[in-house]
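Shown next, in structure tokens, is the structure this report addresses.
The values are calculated or read from the model by the stated rules, or taken from the named source; none is laboratory data. No experiment lies behind these values; they were computed from the predicted model shown. No Cβ is skipped: glycine too gets one built from the backbone with ideal geometry, and neighbour counts run over all protein chains shown. All accessible areas refer to the heavy atoms of the entire protein, side chains included, with ligands and DNA or RNA removed. Shrake-Rupley method; radii C 1.70, N 1.55, O 1.52, S 1.80 Å.
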Amino acid sequence: MAKPAAPSGFRDFLPAQYRRRQELVRRIRASYESFGFEGMDTPAMEALAVFLGKGGAENEKLMFRVLKRGAELDRARSGGGELADMALRFDLTVPLARYYATHRGELPAVFKRYQIGPVWRAERAQHGRYREFVQCDVDVLGSPSMAVEAEVILATTTALARLGFAELVVRLNARPLLALLVRSCGVPEEHLGAAVIGIDKLDKETSDAVAAELDRKGVPQPATAALLELHARSRTAGDADLLREIEERVGAAGAPYVAQMRQVLALTPPLPSGRLVFDPFLARGMDYYTGPIFEIAAVGVPFSLAGGGRFDGLVERLAGVSVPACGFSIGFERVFTLMEERGMFGGDARAADVLIAVTADAAAGDALRLAAELRDAGLAVDGFPHAGKLGPQFELGQRKGIPFAVVADPEALRAGELEVRDLTTRQSARVPRSELPEWLRARLG
């Protein structure tokens, strides 16, 4: 019989890993809340119509659709209609637009929210790419000011810096500006998408490889050469010089977006780690972006840690009312994996502060009362469920990351002085029961 396993692209998390993931959630949440963002949530599923036409054709292909039920499903099958009426959310942004359309009258004029939760995409499962994964979003709805971009950039870089990531590089562009720039290099309209996709690979592939790909897709060679030359120059030019050149290339049509870039660069305070740079070739995949877009990378990391942008038209598609909006999303799974590989989690991700070890059945009641006393004193206490040898009980505590064990021995309980075992050093001390909470707190920090 085959060993049961989680479905492909889905994962189980053992307790120690679960604690580290919850630690990461807590730390990101604390950073977001320090900027005044409020937590909220949406259902795992939305009506299928909420998603269709909102996140791009590729995301629609990857949606987990939920079949209609009962008679509705029978009618759809017999009539050849759509079999699904709901879908699991593929990101947290489209559900936010629906949420805002539903609750607009109950929300502040400028709504600053964060949401941390799972999303689902029916992608081909492979290393580092899952069908269920967590996203961490911050968004501001209700303001067209570029100060919003500055704030979400600062909030996200602050969260990553507090997690221990250094030398961050925030790349900034505008989605419409990129399209205008590619056209200015002579790329025909029908090859615009292929050119953007190809140029976006230049940070991972050689210019020759990208040129060959663009040639296969029909992009004229002079246009490809102009794009590659401009891309190479953009990697060495300063922001001010680069913006002037781009402004000349795109003319009046691109002037508002160049102005946005200058505003965001001017408004954003010094980052807690790293720098903000203008990158005219940055491209983001979501079709709902309408203005500035951004990504965060870290030195020595071969992928982005976070991405986002302005999506002013998304709420209007659902509510019929124009609402400016901008947000940033941290790639939780990538950050978690990096932090595990680099040992960036604190050593105090323990299941409890102390374990009560029981040596005899006669001490079971006293052990439970002792555990209750310690919990009342503010300590997290685990208890071994039955009496037994101390070795296996100490081993359990060590496996769960618990630093101390208190031995609930009948004679020691009567005498009022208990053995406390340091499960790291394997040294023991005798501590009066009345002093036990303070003794433990002093050593737990």
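Quick check: anything in segment 178-190 among the acidic types (D, E) and under 22 Å from G238 (Cα atoms)? I'd like the intermediate steps shown before the answer.
Just the residues of segment 178-190 that are among the acidic types (D, E), to begin with: 189-190.
Checking the rest, the ones that are also under 22 Å from G238 (Cα atoms) come to none.
Scanning segment 178-190 turns up no residue that is among the acidic types (D, E) and under 22 Å from G238 (Cα atoms).
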- Message: Looking at P403, P385 in this structure, which one is surrounded by 12 or more Cβ atoms within 10 Å (Cβ to Cβ) and either at pLDDT below 95 or touching a Lys or Arg at 6+ places or on another chain (Cβ under 9 Å) (or both)?
- Response: P403
- Message: When you scan segment 129-146, do you find a residue that is at pLDDT 95 or above, open to solvent by 40 Å² or more (accessible area, probe 1.4 Å), out of contact with any His (no Cβ under 9 Å at 6 or more places or on another chain) and within 26 Å of A253 (Cα to Cα), even just one?
- Response: yes
- In segment 48-85, what count of residues is obtained for those that are free of Cβ contacts under 8 Å to residues at least 60 places away in the same chain and among the β-branched types (V, I, T)? 1
- Message: Kindly evaluate R375 against the criterion of being closer than 29 Å to G388 by Cα and of a type in the set (K, R).
- Response: yes
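For segment 405-445, what are the residues that are at negative phi and of a type in the set (G, A, S)? Walk me through it before giving the result.
Step one: of segment 405-445, the residues at negative phi are 405-415, 417-425, 427-444.
A405, A408, A412, A415, S428, A429, S434, A442, listed by residue number.
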- Query: Just checking, which of V148, V152 is in a helix (DSSP H, G or I), over 19 Å from the mean Cα position of the chain (by Cα) and in contact (Cβ under 8 Å) with a residue 60 or more places away in the chain?
  - Reply: V148
- Would you check if there is a residue in segment 119-127 being assigned to a loop (DSSP other than H, G, I, E, B), among the charged types (D, E, K, R) and over 22 Å from D91 (Cβ atoms)? no
- Note on the structure: Over segment 41-90, the set of residues out of contact with any strand residue (DSSP E or B) (no Cβ under 8 Å at 6 or more places or on another chain), at pLDDT 90 or above and among the basic types (K, R) is R69, R75, R77
- Task: Starting from segment 369-393, keep only residues that are over 18 Å from D422 (Cβ atoms), then list their pairs with residues that are open to solvent by 40 Å² or more (accessible area, probe 1.4 Å) and among the hydroxyl-bearing types (S, T, Y) whose Cβ atoms are within a distance under 9 Å, requiring at least 6 positions of separation or different chains.
- Result: A387/T359; G388/T359; K389/T359
- Query: What is the number of the single condition among (1) within 33 Å of the chain's Cα centre (by Cα); (2) hydrophobic (A, V, I, L, M, F, W, C); (3) in a helix (DSSP H, G or I); (4) surrounded by 14 or more Cβ atoms within 10 Å (Cβ to Cβ) that V170 does not meet?
  - Reply: (3)
- Could you give every pair whose Cβ atoms fall below 7 Å, whose first residue belongs to segment 113-128 and is under 17 Å from R26 (Cβ atoms), and whose second residue is part of a loop (DSSP other than H, G, I, E, B) and open to solvent by less than 50 Å² (accessible area, probe 1.4 Å), counting only separations of at least 6 or pairs across chains? Y114/F37; Q115/M40; Q115/L92; G117/L92
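Name the residue, out of A349, A363, A357, that is under 21 Å from L440 (Cβ atoms) and assigned to a helix (DSSP H, G or I). It would help to see each step written out before you state the result.
Working: A349 fails: assigned to a helix (DSSP H, G or I); A357 fails: assigned to a helix (DSSP H, G or I).
Within the list A349, A363, A357, the selection yields A363.
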- Message: Just to be sure I understand, how many residues within segment 428-445 are open to solvent by 30 Å² or more (accessible area, probe 1.4 Å) and either in a loop (DSSP other than H, G, I, E, B) or under 21 Å from D376 (Cα atoms) (or both)?
- Response: 11
- Determine whether segment 78-87 contains at least one residue that is open to solvent by less than 50 Å² (accessible area, probe 1.4 Å), out of contact with any Lys or Arg (no Cβ under 9 Å at 6 or more places or on another chain) and of a type in the set (G, A, S). no
- Message: What's the number of the only condition in (1) of a type outside the set (V, I, T); (2) under 30 Å from R21 (Cβ atoms); (3) free of Cβ contacts under 8 Å to residues at least 40 places away in the same chain; (4) touching a strand residue (DSSP E or B) at 6+ places or on another chain (Cβ under 7 Å) that L242 fails to meet?
- Response: (2)
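Could you run through segment 271-322 and say how many residues are among the aromatic types (F, W, Y), closer than 20 Å to V140 by Cα and part of a strand (DSSP E or B)? Reasoning before the result, please.
As a first pass, look at segment 271-322 and keep what is among the aromatic types (F, W, Y): 278, 281, 288-289, 294, 303, 311.
Subsequent filtering for residues that are closer than 20 Å to V140 by Cα retains 288-289, 294, 311.
From what is left, the residues that are part of a strand (DSSP E or B) are 294.
Final tally of qualifying residues: 1.
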- Output for segment 397-427, where each listed residue is in a strand (DSSP E or B) and closer than 22 Å to R369 by Cβ: F404, A405, V406, V407, A408, E417, L418, E419, V420, R421
- Note on the structure: Checking A122, A150, A195, A155 in turn, the sole residue that is open to solvent by less than 20 Å² (accessible area, probe 1.4 Å), among the hydrophobic types (A, V, I, L, M, F, W, C) and modelled with pLDDT under 95 turns out to be A195
